[in-house]
Amino acid sequence: MSLVLLGPPGAGKGTQAARISQALGLVHLSSGDILRAEGKASSELGRQAKDYMDRGVLVPDDLILSMMMDHIRRPDAAKGFLLDGFPRTLAQAQGLDARLAEWGRTLDVVISIEVDDALAIKRLTGRMSCPKCGRIYHETFSPPAQPGRCDVCGEALIRRKDDSPEVVGQRLKTYHQETQPLIAYYQEKGVLRPVCGAGGVDEVTAAISKECQAR
Ligand code: AP5
């Protein structure tokens, strides 16, 4: 199965991607996580992407497309993949479709997780994550058992630099301008499944699972 999770920053893509990919046996490919790992490794790509990410604007399409296609064509993704945060522009979506078509593949389902800007801001400004295992927390909605420590590996939790209120505002603006048009693009292709993202984590997981089973 090939699945895309679409939605604004803070919609819960990363949270849901971890659960859905595990349940369906898919490789979870998060463009944001891959870029942050490149940054940590001080690669040329990580260095080029950093300034864009810190400002809350998109990294250029050509860099993202070649990075993501490199991951999608790896053997572990052959049995199925879940894309989180990619594609994010019309050019990326068209580039992805064209490359998949070359391999005789298409996207099966695109889940659009819908939340309004006010909820997205509340979620992002309270987010904490584990730099070691990647588990995502929220200070109010899903706090760790021990304040500031990861439940899984005990590592000190961090806040993303781009979760500051100013950068979150820019990221939402970028989403509405660049990414929201993909909803109509995928609707036209007949693969779009909208899901309300405002409920609790379990509720949203159940709604996404239902749409995946119904495809
Ligand atoms: P990226 O890392 O992809 O960030 P994003 O899309 O802005 O999404 P987030 O990770 O912030 O939010 P999410 O929807 O995953 O929410 P989460 O599950 O964490 O991108 C970062 C940057 O990289 C971009 O700005 C850009 O510069 C660059 N980039 C990445 N991809 C690119 C691309 N394709 N092209 C160009 N540039 C690209 O949840 C958020 C919080 O809410 C958490 O605290 C969580 O615990 C909580 N939460 C989640 N669900 C619920 C729920 N149902 N109820 C209560 N709380 C919840």
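No lab work stands behind these numbers, since they all come straight from the coordinates. These figures come from a predicted structure and were not determined experimentally. Every residue, glycine among them, receives a Cβ derived from its backbone with ideal geometry; neighbour counts consider all protein chains shown.
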Calculated P(r) tail over 13 Å for the stretch 1-51, as whole % of Cα pairs: 62 percent
Principal axes of the stretch 1-104: Cα extent on each, largest first, Å: 34, 30, 26
Simple label model, 7 Å out from Cα along Cβ direction - ALA184 to LEU90, nm: 0.8 nm
Å³ per residue enclosed by the Cα convex hull of the stretch 64-177: 139 Å³
Segment SER209-ASP108, length gained on full extension (0.36 nm per residue, minus Cα span): 35.0 nm
Whole-Å semi-axes of the chain's equivalent ellipsoid (Cα gyration tensor): 25, 20, 18
Amide H contacts under 5 Å for LEU6, placed H, 5+ residues apart: ILE111, SER112, ILE113
Amide N of the stretch 159-197 lying under 19 Å from the label point, which is placed 7 angstrom from the Cα of ARG99 along Cα→Cβ: 179, 182, 186
Nitroxide proxy distance, nm - points 7 Å out along Cα→Cβ at CYS153 and ARG74: 1.6 nm
Entries in LYS50/LYS132; LYS79/LYS122; LYS13/LYS40; LYS122/LYS189 that, when Cα-Cα distance is taken, lie over 29 Å: LYS79/LYS122; LYS122/LYS189
Viscosity 0.692 mPa s, temperature 37 °C, Stokes-Einstein D of the stretch 141-189 from Kirkwood C-alpha radius, µm²/s: 237 µm²/s
